[in-house]
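Asker: Encoded as structure tokens, here's the structure I'll be asking about.
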Amino acid sequence: MNQSLKAQLQEKINRKTKPIGALGLLEFIALKAGLIQETLFPVITNSTIVVFAADHGIAATGLVNPYPQEVTAQMVLNFIRKGAAINVFTRQHDIRLVVVDAGVNADFSAIPSSDWFIHAKQDTGTKNYLEADAMTATQALNAIEQGREIVRQLGAAGCNCVGFGEMGIGNTSSATLIMSAITGKAIRDCTGRGTGANDEQLNTKITTLETVFIKHRLDLLSNDPYGLLAKAGGFEIAMMTGAYLQAYAEKMIIVVDGFISSAALMLAQQIQPEVLNNCLFAHASGEQGHAGMLEYFKAEPILQLGMRLGEGTGAALAIPVIRSAVAFLNEMASFDEAQVSSI
């Protein structure tokens with residue numbers, strides 16, 4: 001970290017016409033934006049949310065999800081028709097939305113490739129990890145590289161602030177397994193209701209994931225992000241992992257969404273520990289395990305709305321707050337400029 005720049009940014013923030021600390025978390029966000037961009041005058045350009053969609057073999061069993069697997073493909077079509085929550089929020093706040101087919105069990109070949117819909121299908125979903133590895137090592141690496149390439153293209157188009165969302169019935173289960181393996185927390189303490197499981201469904205989900213954890217000896221993969229992805233990950237999570245890594249390399253401001261997005265960040269951090277230097281955490285998800293993830297990252301979320309929808313919706317709502325932080329840093333008068341007496 002550039003300590004000289006940090007001191008200059010803090011002085012600039014402190015000299016604005018306000019009591020020190022009066023803008024709360026906005027002051028931290030402004031400081032971090034300046035440090036990420038290595039300037040006293042950070043800017044936000046071409047903000048983008050990328051939603052990675054993929055299916056999970058475990059979902060076909062119905063053991064971990066109340067909604068059928070077909071909902072993944074149906075929601076992707078909803079994104080394309082601009083009818084989902086993420087469409088509403090990105091449209092409202094002038095944020096670019098990109099949807100990626102990372103591995104949905106559906107044929108989208110009739111939809112042309114464009115700057116907002118990307119065909120990157122690794123397979124028609126992962127394997128059922130109750131029976132086999134979720135994906136091959138090659139598939140995991142390919143998905144990571146594809147995520148990197150998507151963000152390279154965003155950077156070339158001038159994006160310097162990015163958030164990642166996801167869609168995939170069953171993906172809270174993969175996120176739970178990843179979290180448990182990396183943090184050492186019990187499966188039960190990492191498992192939430194996902195798309196709305198009742199008490200009986202939640203207990204079945206916990207029991208199933210405990211079986212998977214033991215079957216694949218995930219406790220031995222706590223420091224092996226590639227192995228963990230292959231055993232129990234999802235294509236959208238693997239692709240998002242690569243996207244985080246490239247966003248860091250591109251010096252982008254990274255807006256971290258909720259539970260599944262944070263699981264991918266856990267994997268990315270193991271590959272590149274400094275990725276956290278570029279991260280702002282959008283919100284505290286209502287999904288049970290997310291509080292433990294925020295604690296693991298030592299992160300303070302920007303918003304507390306009780307959301308647990310996914311799709312990158314928390315990130316889309318946090319980006320306007322980040323823009324506000326950058327705006328006050330650049331546009332608010334200092335005590336000297338306003339001729340206001342300071343302490």
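Asker: Got a sec? Which helices (runs of 4 or more DSSP H) wholly within the stretch 192-295 have at least 2 residues that are of a type outside the set (A, V, I, L, M, F, W, C) and surrounded by fewer than 18 Cβ atoms within 10 Å (Cβ to Cβ)?
Answerer: Of the helices (runs of 4 or more DSSP H) lying wholly inside the stretch 192-295, those with at least 2 residues that are of a type outside the set (A, V, I, L, M, F, W, C) and surrounded by fewer than 18 Cβ atoms within 10 Å (Cβ to Cβ) span 199-215.
Asker: For the stretch 173-191: of the residues being in a helix (DSSP H, G or I), among the hydroxyl-bearing types (Ser, Thr, Tyr) and touching a residue at least 60 places away in the same chain (Cβ under 8 Å), which is nearest to MET266 (Cα to Cα)?
Answerer: Step one: list which residues in the stretch 173-191 are in a helix (DSSP H, G or I), which gives 173-183, 187-190.
Narrowing the set further to residues that are among the hydroxyl-bearing types (Ser, Thr, Tyr) leaves 173-174, 176, 180, 183.
Now narrow it down to the ones that are touching a residue at least 60 places away in the same chain (Cβ under 8 Å): 173-174, 176, 183.
Details: SER173: 15, SER174: 13, THR176: 12, THR183: 9 Å.
Across the stretch 173-191, the extreme among qualifying residues is THR183.
Asker: Something else now. Kindly establish whether LEU63 is more than 21 Å from the chain's Cα centre (by Cα) and farther than 23 Å from ALA243 by Cβ. Break it down into steps so the answer makes sense when it comes.
Answerer: Values: more than 21 Å from the chain's Cα centre (by Cα): yes; farther than 23 Å from ALA243 by Cβ: yes.
Judged against the criteria, LEU63 is a match.
Asker: To continue, here is another question. Mind checking whether some residue in the stretch 56-67 is over 30 Å from LEU202 (Cβ atoms) and either exposed (fewer than 15 other Cβ atoms within 10 Å of the Cβ) or among the hydroxyl-bearing types (Ser, Thr, Tyr) (or both)?
Answerer: no
Asker: Inspect all residues belonging to the stretch 131-141 and state whether any of them is within 26 Å of GLN270 (Cα to Cα), of a type outside the set (A, V, I, L, M, F, W, C) and in a helix (DSSP H, G or I).
Answerer: For the stretch 131-141, residues within 26 Å of GLN270 (Cα to Cα), of a type outside the set (A, V, I, L, M, F, W, C) and in a helix (DSSP H, G or I): present.
Asker: GLN153 passes all but one of (1) assigned to a helix (DSSP H, G or I); (2) in contact (Cβ under 8 Å) with a residue 12 or more places away in the chain; which number fails?
Answerer: Looking at each condition in turn, GLN153 falls short on (2).
Asker: Oh, and also: Of the conditions (1) on the phi < 0 side of the Ramachandran plot; (2) more than 16 Å from the chain's Cα centre (by Cα), LEU280 clears all except one; give me its number.
Answerer: The failed condition is (2).
Asker: Among the residues that make up the stretch 106-119, is at least one of them at negative phi, surrounded by 16 or more Cβ atoms within 10 Å (Cβ to Cβ) and more than 20 Å from the chain's Cα centre (by Cα)?
Answerer: Looking through the stretch 106-119, at least one residue is at negative phi, surrounded by 16 or more Cβ atoms within 10 Å (Cβ to Cβ) and more than 20 Å from the chain's Cα centre (by Cα).
Asker: Test ALA33 against the stated conditions and say whether it is closer than 15 Å to THR313 by Cβ and among the aliphatic types (A, V, I, L, M).
Answerer: Against the criterion (closer than 15 Å to THR313 by Cβ and among the aliphatic types (A, V, I, L, M)), ALA33 does not qualify.
Asker: Still on this model: Residue pairs, Cβ under 8 Å, 6 or more apart or interchain, first in the stretch 210-221 and in contact (Cβ under 8 Å) with a residue 60 or more places away in the chain and closer than 16 Å to THR191 by Cα, second buried (at least 16 other Cβ atoms within 10 Å of the Cβ) and of a type in the set (Phe, Trp, Tyr). List them.
Answerer: VAL212/TYR129
Asker: Where residues in the stretch 296-318 are in a helix (DSSP H, G or I) and not small (Gly, Ala, Ser), which of them is nearest to GLY168 (Cα to Cα)?
Answerer: By that ranking, first place goes to THR313.
Asker: Based on this model, can you work out whether PHE28 counts as surrounded by 14 or more Cβ atoms within 10 Å (Cβ to Cβ), over 19 Å from the mean Cα position of the chain (by Cα) and assigned to a helix (DSSP H, G or I)?
Answerer: The answer is yes for PHE28.
Rundown of residues vs (1) closer than 28 Å to GLY158 by Cα; (2) outside any loop (DSSP other than H, G, I, E, B); (3) free of Cβ contacts under 8 Å to residues at least 60 places away in the same chain, yes/no style:
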{"position": "ASN65", "(1), (2), (3)": "no, no, no"}
{"position": "ALA73", "(1), (2), (3)": "no, yes, yes"}
{"position": "VAL99", "(1), (2), (3)": "yes, yes, yes"}
{"position": "ASN105", "(1), (2), (3)": "no, no, yes"}
{"position": "PRO112", "(1), (2), (3)": "yes, no, yes"}
{"position": "ILE118", "(1), (2), (3)": "yes, yes, yes"}
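Asker: Scan the stretch 265-286 and report the pairs whose first residue is under 20 Å from SER324 (Cα atoms) and whose second residue is of a type in the set (S, T, N, Q) and in a loop (DSSP other than H, G, I, E, B), with Cβ atoms within less than 7 Å and a gap of 6+ or a chain change.
Answerer: Partner pairs satisfying both residue conditions: HIS283/GLN304; ALA284/GLN304.
Asker: Scan the stretch 287-343 residue by residue and report those that are under 17 Å from the mean Cα position of the chain (by Cα) and at positive phi.
Answerer: LYS298, GLY306, GLY310, GLU311, GLY312
Asker: Among the residues of the stretch 124-145, how many are on the phi < 0 side of the Ramachandran plot and either of a type in the set (S, T, N, Q) or surrounded by 18 or more Cβ atoms within 10 Å (Cβ to Cβ) (or both)?
Answerer: Matching residues across the stretch 124-145 total 14.
Asker: Are there any pairs with C-beta distances below 7 angstrom linking a residue in the stretch 77-91 that is closer than 20 Å to ASN105 by Cα to a residue that is in a helix (DSSP H, G or I), with the two at least 6 apart or on different chains, and if so which?
Answerer: PHE79/ILE86; PHE79/ASN87; ALA84/MET75; ALA84/ASN78
Asker: Could you tell me whether GLN246 is touching a Pro at 6+ places or on another chain (Cβ under 8 Å), touching a residue at least 40 places away in the same chain (Cβ under 8 Å) and either on the phi > 0 side of the Ramachandran plot or not aliphatic (A, V, I, L, M) (or both)? Break it down stepwise before answering.
Answerer: Working: touching a Pro at 6+ places or on another chain (Cβ under 8 Å): no; touching a residue at least 40 places away in the same chain (Cβ under 8 Å): yes; either on the phi > 0 side of the Ramachandran plot or not aliphatic (A, V, I, L, M) (or both): yes.
No, not satisfied.
Asker: In addition: PHE164 is checked against (1) more than 14 Å from VAL50 (Cβ to Cβ); (2) outside any helix (DSSP H, G or I); (3) not small (Gly, Ala, Ser) and fails just one. What number does that condition carry?
Answerer: (1)
Read the figures in this text as sums done on the coordinates, not as results from a lab. What you see is a predicted model, and the numbers here were worked out from it, not measured in a lab. Every residue, glycine among them, receives a Cβ derived from its backbone with ideal geometry; neighbour counts consider all protein chains shown.
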